[in-house]
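The values are calculated or read from the model by the stated rules, or taken from the named source; none is laboratory data. The structure presented is a predicted model; accordingly, all values stated were derived computationally and were not measured. All Cβ positions, even for glycine, are placed from backbone atoms using ideal geometry, and neighbour counts span all protein chains on display. Areas reflect the complete protein model, heavy atoms only, side chains present, ligands, DNA and RNA absent. Shrake-Rupley method; radii C 1.70, N 1.55, O 1.52, S 1.80 Å.
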Amino acid sequence: MPVFDGPLAQRGIGVIAPFDLALERELWRWVPMEVSLHLARTPYEPVPVSMEMAQLVSDSRHLAAATRDVLHVEPEVVAYLCTSGSFVNGIDYERSLCKAICDAGAPDAITTSGALAEVLQGLDLHKVSVLTPYDEDLTGKLHEFLTELDVETVSSDHLGLGGGIWKVSYRTIAERILAADHSEAEAVFVSCTNLPTFDLIEPLEAALGKPVLTANQLTMWACLKRMNLPIVGPGKWLRDVP
(Lines give C-alpha, C1' and ligand atoms only; values in the text may rest on other atoms or scores of the structure.)
Protein backbone atom coordinates (compact mmCIF):
# COMPACT_ATOMS: atom_id res chain seq x y z
CA MET A 1 0.00 0.00 0.00
CA PRO A 2 1.44 3.43 -0.88
CA VAL A 3 2.50 5.69 1.97
CA PHE A 4 0.83 9.07 2.02
CA ASP A 5 2.77 11.76 3.84
CA GLY A 6 1.52 15.27 4.41
CA PRO A 7 0.06 17.60 3.70
CA LEU A 8 2.83 19.98 4.68
CA ALA A 9 1.98 21.55 8.02
CA GLN A 10 0.25 24.81 7.20
CA ARG A 11 1.24 28.17 8.68
CA GLY A 12 -1.02 31.15 8.17
CA ILE A 13 -0.82 34.88 7.55
CA GLY A 14 -3.98 36.94 7.93
CA VAL A 15 -4.17 39.71 5.33
CA ILE A 16 -6.47 42.71 5.68
CA ALA A 17 -6.75 44.17 2.19
CA PRO A 18 -8.54 47.26 0.88
CA PHE A 19 -11.78 46.46 -0.93
CA ASP A 20 -10.20 47.17 -4.33
CA LEU A 21 -7.17 44.85 -4.07
CA ALA A 22 -6.79 42.83 -7.29
CA LEU A 23 -3.33 41.31 -6.79
CA GLU A 24 -3.99 38.27 -4.59
CA ARG A 25 -2.08 36.15 -7.10
CA GLU A 26 1.01 38.33 -6.73
CA LEU A 27 0.86 38.02 -2.94
CA TRP A 28 1.09 34.23 -3.12
CA ARG A 29 4.35 34.51 -5.08
CA TRP A 30 6.02 36.06 -2.02
CA VAL A 31 5.44 33.16 0.38
CA PRO A 32 6.76 29.56 0.69
CA MET A 33 4.57 26.51 0.10
CA GLU A 34 3.74 25.90 3.74
CA VAL A 35 2.31 29.40 4.20
CA SER A 36 -1.34 30.15 3.44
CA LEU A 37 -2.78 33.64 3.11
CA HIS A 38 -6.19 34.26 4.64
CA LEU A 39 -7.72 37.47 3.25
CA ALA A 40 -10.34 39.77 4.68
CA ARG A 41 -11.32 43.07 3.06
CA THR A 42 -12.27 46.48 4.33
CA PRO A 43 -15.81 47.62 3.39
CA TYR A 44 -16.44 49.08 -0.05
CA GLU A 45 -16.15 52.87 -0.21
CA PRO A 46 -17.56 54.60 -3.35
CA VAL A 47 -14.68 57.07 -3.75
CA PRO A 48 -11.64 57.17 -6.06
CA VAL A 49 -8.12 56.45 -4.84
CA SER A 50 -7.38 59.62 -2.91
CA MET A 51 -6.70 61.09 0.51
CA GLU A 52 -10.33 60.43 1.36
CA MET A 53 -10.11 56.76 0.44
CA ALA A 54 -6.89 56.32 2.44
CA GLN A 55 -8.67 57.73 5.48
CA LEU A 56 -11.74 55.53 4.98
CA VAL A 57 -9.91 52.23 4.50
CA SER A 58 -7.69 52.83 7.54
CA ASP A 59 -10.54 53.02 10.05
CA SER A 60 -9.30 50.99 13.03
CA ARG A 61 -12.81 49.60 13.61
CA HIS A 62 -12.80 48.02 10.15
CA LEU A 63 -9.35 46.55 10.75
CA ALA A 64 -10.47 45.08 14.07
CA ALA A 65 -13.54 43.50 12.44
CA ALA A 66 -11.44 42.07 9.58
CA THR A 67 -8.97 40.65 12.09
CA ARG A 68 -11.73 38.81 13.89
CA ASP A 69 -12.89 37.39 10.55
CA VAL A 70 -9.58 35.51 10.05
CA LEU A 71 -8.72 34.50 13.62
CA HIS A 72 -10.52 31.16 13.41
CA VAL A 73 -7.87 29.84 10.99
CA GLU A 74 -5.12 30.71 13.50
CA PRO A 75 -2.81 33.08 11.59
CA GLU A 76 0.56 33.70 13.21
CA VAL A 77 0.54 37.35 12.14
CA VAL A 78 -2.06 39.68 10.64
CA ALA A 79 -0.93 42.24 8.05
CA TYR A 80 -2.76 45.40 7.04
CA LEU A 81 -1.86 45.33 3.35
CA CYS A 82 -2.28 48.97 2.38
CA THR A 83 0.45 51.55 1.96
CA SER A 84 -1.57 54.76 1.81
CA GLY A 85 -3.96 53.71 4.56
CA SER A 86 -1.04 53.07 6.88
CA PHE A 87 1.00 56.21 6.12
CA VAL A 88 -1.75 58.82 5.62
CA ASN A 89 -1.97 59.82 9.29
CA GLY A 90 1.69 59.44 10.24
CA ILE A 91 3.77 57.10 12.37
CA ASP A 92 1.75 57.26 15.57
CA TYR A 93 -1.42 56.31 13.72
CA GLU A 94 0.37 53.48 11.92
CA ARG A 95 1.34 52.10 15.31
CA SER A 96 -2.23 52.48 16.54
CA LEU A 97 -3.42 50.33 13.63
CA CYS A 98 -1.11 47.51 14.71
CA LYS A 99 -2.42 47.89 18.25
CA ALA A 100 -6.02 47.70 17.03
CA ILE A 101 -5.25 44.47 15.17
CA CYS A 102 -3.57 42.92 18.20
CA ASP A 103 -6.33 44.13 20.53
CA ALA A 104 -8.78 42.30 18.26
CA GLY A 105 -6.93 39.05 18.97
CA ALA A 106 -4.07 38.79 16.47
CA PRO A 107 -0.85 37.30 17.93
CA ASP A 108 1.23 39.84 15.97
CA ALA A 109 0.59 42.63 13.46
CA ILE A 110 2.30 44.62 10.73
CA THR A 111 1.26 47.26 8.21
CA THR A 112 2.79 47.95 4.82
CA SER A 113 4.18 51.33 5.92
CA GLY A 114 5.44 49.79 9.16
CA ALA A 115 7.29 47.19 7.10
CA LEU A 116 8.78 50.01 5.00
CA ALA A 117 9.99 51.70 8.18
CA GLU A 118 11.61 48.48 9.41
CA VAL A 119 13.50 47.95 6.16
CA LEU A 120 14.68 51.55 5.86
CA GLN A 121 15.98 51.40 9.42
CA GLY A 122 17.46 47.92 9.01
CA LEU A 123 19.38 48.91 5.87
CA ASP A 124 20.25 52.35 7.32
CA LEU A 125 18.74 54.18 4.35
CA HIS A 126 18.15 57.94 4.62
CA LYS A 127 17.62 59.09 1.02
CA VAL A 128 15.10 57.52 -1.34
CA SER A 129 13.34 58.04 -4.63
CA VAL A 130 9.61 57.39 -4.69
CA LEU A 131 7.09 56.28 -7.28
CA THR A 132 3.37 56.15 -6.47
CA PRO A 133 0.20 55.63 -8.52
CA TYR A 134 -1.61 58.29 -6.42
CA ASP A 135 -2.39 61.95 -6.92
CA GLU A 136 -0.02 64.69 -5.76
CA ASP A 137 -1.71 65.28 -2.38
CA LEU A 138 -1.62 61.64 -1.28
CA THR A 139 1.94 61.26 -2.55
CA GLY A 140 2.85 64.24 -0.39
CA LYS A 141 1.57 62.37 2.67
CA LEU A 142 4.06 59.60 1.89
CA HIS A 143 6.84 62.20 1.81
CA GLU A 144 5.70 63.42 5.24
CA PHE A 145 5.72 59.87 6.60
CA LEU A 146 9.25 59.35 5.31
CA THR A 147 10.33 62.63 6.88
CA GLU A 148 9.05 61.34 10.23
CA LEU A 149 11.36 58.36 9.70
CA ASP A 150 14.30 60.74 9.10
CA VAL A 151 14.32 59.73 5.43
CA GLU A 152 14.62 62.36 2.70
CA THR A 153 12.69 62.00 -0.56
CA VAL A 154 15.27 63.19 -3.09
CA SER A 155 13.01 62.62 -6.11
CA SER A 156 9.41 61.58 -6.64
CA ASP A 157 6.93 60.75 -9.38
CA HIS A 158 3.24 59.86 -9.30
CA LEU A 159 0.82 58.43 -11.86
CA GLY A 160 -2.24 60.37 -10.71
CA LEU A 161 -4.63 57.41 -10.92
CA GLY A 162 -8.03 57.34 -9.26
CA GLY A 163 -8.62 53.64 -9.89
CA GLY A 164 -7.63 50.59 -11.93
CA ILE A 165 -4.09 50.68 -10.51
CA TRP A 166 -3.62 46.92 -10.97
CA LYS A 167 -4.03 47.38 -14.74
CA VAL A 168 -0.85 49.45 -15.18
CA SER A 169 1.64 47.56 -17.39
CA TYR A 170 5.09 46.45 -16.33
CA ARG A 171 6.56 48.58 -19.12
CA THR A 172 4.95 51.75 -17.77
CA ILE A 173 5.94 50.97 -14.18
CA ALA A 174 9.54 50.17 -15.15
CA GLU A 175 9.88 53.34 -17.22
CA ARG A 176 8.52 55.48 -14.39
CA ILE A 177 10.76 53.82 -11.78
CA LEU A 178 13.83 54.47 -13.92
CA ALA A 179 12.73 58.07 -14.45
CA ALA A 180 11.99 58.60 -10.76
CA ASP A 181 15.42 57.40 -9.62
CA HIS A 182 18.03 59.95 -8.51
CA SER A 183 21.78 59.61 -8.20
CA GLU A 184 21.62 60.53 -4.50
CA ALA A 185 18.89 58.00 -3.71
CA GLU A 186 20.04 54.95 -1.76
CA ALA A 187 16.90 53.03 -2.77
CA VAL A 188 13.69 53.38 -4.75
CA PHE A 189 10.37 52.80 -3.01
CA VAL A 190 7.37 51.87 -5.17
CA SER A 191 4.17 52.47 -3.22
CA CYS A 192 0.74 50.79 -3.37
CA THR A 193 -0.14 47.12 -2.83
CA ASN A 194 -2.33 47.23 -5.96
CA LEU A 195 0.57 48.04 -8.30
CA PRO A 196 2.16 44.90 -9.85
CA THR A 197 5.93 44.77 -9.33
CA PHE A 198 7.12 41.18 -8.69
CA ASP A 199 8.89 40.57 -12.02
CA LEU A 200 10.40 44.08 -12.17
CA ILE A 201 12.41 44.07 -8.96
CA GLU A 202 15.33 41.86 -9.96
CA PRO A 203 16.10 43.46 -13.38
CA LEU A 204 15.65 46.99 -12.06
CA GLU A 205 17.89 46.37 -9.06
CA ALA A 206 20.53 45.07 -11.48
CA ALA A 207 20.13 48.14 -13.70
CA LEU A 208 20.13 50.70 -10.87
CA GLY A 209 22.55 49.02 -8.49
CA LYS A 210 20.35 49.75 -5.47
CA PRO A 211 17.33 48.28 -3.67
CA VAL A 212 13.95 48.54 -5.38
CA LEU A 213 11.48 48.19 -2.52
CA THR A 214 7.82 47.52 -3.25
CA ALA A 215 4.72 47.44 -1.09
CA ASN A 216 3.69 43.77 -1.34
CA GLN A 217 7.31 42.64 -1.14
CA LEU A 218 7.93 44.51 2.12
CA THR A 219 4.67 43.43 3.72
CA MET A 220 5.25 39.74 3.04
CA TRP A 221 8.90 40.07 4.10
CA ALA A 222 7.83 41.52 7.45
CA CYS A 223 5.32 38.71 7.99
CA LEU A 224 7.83 35.98 7.16
CA LYS A 225 10.39 37.63 9.43
CA ARG A 226 7.95 37.40 12.34
CA MET A 227 7.41 33.73 11.53
CA ASN A 228 11.19 33.07 11.36
CA LEU A 229 10.88 32.05 7.71
CA PRO A 230 13.26 33.06 4.89
CA ILE A 231 12.29 35.62 2.27
CA VAL A 232 10.80 34.27 -0.94
CA GLY A 233 11.11 36.01 -4.31
CA PRO A 234 13.26 38.88 -5.60
CA GLY A 235 14.89 41.50 -3.40
CA LYS A 236 18.45 40.52 -2.56
CA TRP A 237 19.02 43.49 -0.21
CA LEU A 238 16.19 42.36 2.07
CA ARG A 239 18.24 39.29 2.92
CA ASP A 240 20.72 41.63 4.65
CA VAL A 241 18.16 43.22 6.98
CA PRO A 242 18.92 42.10 10.55
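Observations, loosely collected:
- Considering every alpha-carbon pair of the chain, the percent of pairs per 10 Å bin, from zero through the bin containing the longest distance, is 8, 34, 38, 16, 3, 1, 0.
- Across the stretch 145-157, computed HN-Hα scalar couplings (Karplus, 6.51 cos²θ - 1.76 cosθ + 1.60, θ = phi - 60°) run 4, 5, 4, 4, 8, 6, 10, 8, 8, 8, 7, 7, 9 Hz from first to last residue, x flagging Gly and Pro.
- Using θ = phi - 60° and Karplus 6.51 cos²θ - 1.76 cosθ + 1.60, couplings along the stretch 41-52 (whole Hz; Gly, Pro as x): 10, 6, x, 4, 10, x, 9, x, 4, 5, 4, 4
- Taking the Cα centre of the chain as reference, the dipole from Cβ charges on Lys and Arg (+1) and Asp and Glu (-1) amounts to some 560 debye.
- Net charge of the neighbourhood of PRO133, taken over other residues with C-beta under 13 Å away and scored Lys/Arg +1, Asp/Glu -1, is -2.
- Altogether, the Stokes-Einstein calculation at 25 °C and 0.890 mPa s, with the Kirkwood radius of the stretch 70-154 over Cα pairs as Rh, returns a diffusion coefficient of 180 µm²/s.
- Of the solvent-accessible surface of the stretch 33-154, computed with a 1.4 Å probe and all protein chains present, 48% belongs to carbon and sulfur.
- Residue (of ALA40, ILE110, THR153) at the positive-pole extreme of the chain, dipole from beta-carbon charges: ALA40
- The chain: calculated mean residue ellipticity at 222 nm from DSSP helix runs of at least 4, using -39500 (n - 2.57): -11500 deg cm²/dmol
- Accessible area per residue for the stretch 18-173 is 44 Å², calculated with a 1.4 Å probe on protein heavy atoms, without ligands, DNA or RNA.
- Selected from LEU213, PRO196, SER60, residue furthest toward positive end of dipole (the chain; charges at beta carbon): PRO196
- Within the chain, percent of DSSP bridges classed antiparallel, to nearest 5: 0
- Listed residues VAL70, VAL154, VAL47, most fluctuating in the chain (Gaussian network, C-alpha, under 10 Å): VAL47
- Table column - 3J(HN,Hα) (Hz), the stretch 14-26, Karplus curve with 6.51, -1.76, 1.60, x for Gly and Pro: x, 10, 9, 10, x, 4, 9, 4, 10, 10, 3, 4, 5
- Shown are SER96, SER155, whose ranking by accessible area with a 1.4 Å probe and every protein chain present, most to least, is SER96, SER155.
- For a label point 7 Å along the Cα-to-beta-carbon line of ARG25, residues of the stretch 154-173 with backbone N under 20 Å: 164-173
- Dividing the convex hull volume of the alpha-carbon atoms in the stretch 199-242 by its residue count gives 63 Å³ per residue.
- Residue among VAL57, VAL77, VAL35 with the largest mean-square fluctuation in a Gaussian network model of the chain, springs linking Cα atoms under 10 Å: VAL35
- Cα gyration tensor shape of the stretch 172-231, rounded if a/c is under 1.5, else prolate or oblate by comparing a/b with b/c: prolate
- Amide H contacts under 5 Å for ALA40, placed H, 5+ residues apart: VAL15, ILE16, ALA17
- Amide H within-cut-off set for THR111, under 5 Å, with H built and near neighbours excluded: TYR80
- Per-pair calculated FRET efficiency, R0 = 51 Å: HIS72 and ASP150 via Cβ, rounded to 0.05: 0.80
- Residue-span extension gain [ILE91 to VAL3] - 0.36 nm each, minus C-alpha spacing: 26.4 nm
- Among ASP92, ASP157, ASP69, residue whose mean-square fluctuation peaks in a GNM of the chain (springs only between Cα atoms under 10 Å): ASP92
- Protein-only accessible surface at a 1.4 angstrom probe places the residues ARG61, ARG176, ARG41, ARG68 in the order ARG61, ARG68, ARG41, ARG176, largest first.
- Translational diffusion of the stretch 128-221 was estimated from the Stokes-Einstein equation, with Rh taken as the Kirkwood radius over Cα pairs; at 25 °C and 0.890 mPa s the coefficient is 186 µm²/s.
- Figure note: LEU39, LEU120 ranked by solvent-accessible area, largest first, 1.4 Å probe, ligands and nucleic acids not counted: LEU39, LEU120.
- From the alpha carbon centroid of the stretch 67-108 to that of the stretch 127-180 is 23 Å.
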